[in-house]
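Before I ask anything, here is the structure I am working with.
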Amino acid sequence: MIKVYSTPDCSWCQKTKAYLKLKGFEFEDINVEKDMRGRREYLAIPNVEGVPVINIDGNIIFGFDKKKMDEFLKRK
């Protein structure tokens, strides 16, 4: 399962979601400004400082990091 914790006005969040779509992966987009349950999940992630935060099967990636995303996506 892939979750992207994001905000609507974050350009890096938009790039992350576009990249995942380009690669053909489905994901859950969690708007941490409006989704309170999602916000609690997001805030429970250790060392979280901003968005986007990507959770790929329990592997947490901070920011738009294609190399790390590809590393975990190739295992799916």
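The numbers here are math on the coordinates, done by the rules we state, and not lab data. Treat the numbers as computed from the prediction; the structure is a model and nothing was measured. Note: ideal-geometry Cβ built from the backbone for every residue, glycine included; neighbour counts use all protein chains shown.
If you take every residue apart from Glu49 with its C-beta less than 15 Å away from the C-beta of Glu49, what net charge results, scoring Lys and Arg +1 and Asp and Glu -1?
Here the charged neighbours net out to 0.
Can you give the helix-only mean residue ellipticity at 222 nm for the chain, where every DSSP H stretch with n ≥ 4 adds -39500 (n - 2.57) and the sum goes over all residues, rounded to the nearest 500 deg cm²/dmol? Mind dumping the intermediate values first?
Details: 3 runs with 28 residues, N = 76.
Rounded to the nearest 500, it is -10500 deg cm²/dmol.
Something else now. At 20 angstrom or more along the helix axis (alpha-carbon based) and mean Kyte-Doolittle of -0.5 or higher, what helices does the chain contain? Whole DSSP H runs only. Walk me through the numbers on the way to the answer.
Values: long enough: none.
Answer set is empty.
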